[in-house]
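The structure appears below as structure tokens.
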Amino acid sequence: MFGSSQLDSFSGGGFISSQGADPSRTSAKSRDSPPLLPLTIKQISQAIQSTDEKSNFVIDGVDVNNVRLVGMAYKKSERVTDVAFAIDDGTGRIECIRWVNDAVDSKEVEEVSDGMYVRVHGHLKGFQGKIQLVVFAIRPITDYNEVATHFLECIYVHHCYRKPQSGHSVSTPSQTDVPAAVSASSSGHNSNQFSGNLSIDGLKGIEKSVIDYLEQPSSLAQEKGIHRNEIAQQLKVPLEKIMDAVASLESEGLVYSTIDECHYKSTSA
Amino acid sequence: MDTSNPAVFVNAELLRLYMGRRVRAVIQVMRSDGGGAVTGQSTDGQQITVKGNPPGPLTTFVEVIGIADGIHSIRAEIWSNFGDTLDTFSYNRICLLANGDYKHLFI
């Protein structure tokens, strides 16, 4: 339960919460607070404490419930009811507490020694101006590929939550800035990962043009919507292609038909 | 919580950018002479030297955290055995991402 974070599905790797892993949900709707986030300590240090009574932290615009860290444990000190230690993941250090209630808990922490790479799952807590981690589970790392994988997941999740929410976002943004060696294979990787969950990125050129046209202020201002013939005329695209594009956009929930089957409006109005 | 002394993910190529700073790198051990230096291949295929005395026997892959004191050398403070099998390609990718677009998540 607490210790497992297996990546079963490709919809966000299990970290981006979406209702029922339905692949056609757009990114705009899947921003409920996620159950577990992989983070670097640097990210935690940049968290904003939300002002509501739950005293949660906000990172990248989402409420953070539970976090997962991978780093080196040190300064382990065993006390009567709990074990305190610090985790250093290379980006920073954070103090952690693991409450020890029964034999299972104490067995778990016994395996951890200073200087050992561990994976922790816990909940962030503010205490006297500092952020601490209340740890639910701590496990030593045996396969060190977990280190690289954890940081890749941190980057991926951060990237997902930073994507723009607008209905016509550009295609996966990482390709322009990242050096060629990285983008060559990451673009293939990204389109696999993203096309299921964040379908806006998979929009073909025509669909994109149609949604762009429908989202212009002049189009949005029209109560009745725009007749598809007009779209075809304006974009200089054959009507069948417009109809295909509109059908696809409709199934994504991006446009809807208004007074009849021929008039459409964008849902982001 | 303290983010004042991060160790930057580097490979041989990036090492030169962080002279005098705390870095971390994974190397594939090629030879270790008893005189306090270990030569290894970093995750991008280039050779680097790690100065210092490892605390015990080393596995094939070792992560060293220390100060970069030369364009191809690190003065190690902490040695971690990373086992005999490791995906250096992923680790190298992390080095590139952590120093590129996603630098703000790391340092």
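Taken together, the values in this text are just the output of simple stated rules run on the coordinates, not laboratory data. Computed from a predicted structure; not experimentally measured. No Cβ is skipped: glycine too gets one built from the backbone with ideal geometry, and neighbour counts run over all protein chains shown.
Computed values, structure above
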read-out: Hits in the stretch A:137-153 (condition: within 20 Å of B:Asn11 (Cα to Cα) and facing chain B (nearest Cβ under 9 Å)); value: A:Tyr144, A:Asn145, A:Val147, A:Ala148, A:Thr149, A:Phe151, A:Leu152
read-out: Residue match in the stretch B:33-42 (condition: under 30 Å from A:His159 (Cα atoms), away from chain A (no Cβ under 11 Å) and either in contact with a helix residue (DSSP H, G or I) (Cβ under 7 Å, 6 or more places away or on another chain) or surrounded by 14 or more Cβ atoms within 10 Å (Cβ to Cβ) (or both)); value: yes
read-out: Residue satisfying all of: in the stretch A:90-109; in contact with a strand residue (DSSP E or B) (Cβ under 9 Å, 6 or more places away or on another chain) and in a helix (DSSP H, G or I); surrounded by the fewest Cβ atoms within 10 Å (Cβ to Cβ) among these; value: A:Ser106
read-out: Among (1) of a type outside the set (A, V, I, L, M); (2) in contact (Cβ under 8 Å) with a residue 60 or more places away in the chain; (3) in contact with a helix residue (DSSP H, G or I) (Cβ under 8 Å, 6 or more places away or on another chain), the one test that A:Ser257 misses; value: (2)
read-out: Subset of the stretch A:216-269 that is in contact with a strand residue (DSSP E or B) (Cβ under 8 Å, 6 or more places away or on another chain) and in a loop (DSSP other than H, G, I, E, B) - its residue that is surrounded by the fewest Cβ atoms within 10 Å (Cβ to Cβ); value: A:Lys224
read-out: Qualifying residue in the stretch A:117-136 (condition: loosely packed, with under 13 Cβ neighbours inside 10 Å, part of a loop (DSSP other than H, G, I, E, B), within 14 Å of another protein chain (Cβ to nearest Cβ) and not polar (S, T, N, Q)); value: yes
read-out: Yes/no for A:Gly92 being farther than 19 Å from B:Met1 by Cα and in contact with a helix residue (DSSP H, G or I) (Cβ under 8 Å, 6 or more places away or on another chain); value: no
read-out: Residue list for the stretch B:73-107, filter: more than 11 Å from the chain's Cα centre (by Cα) and of a type in the set (A, V, I, L, M, F, W, C); value: B:Phe82, B:Leu86, B:Phe89, B:Ile94, B:Leu96, B:Leu97, B:Ala98, B:Leu105, B:Phe106, B:Ile107
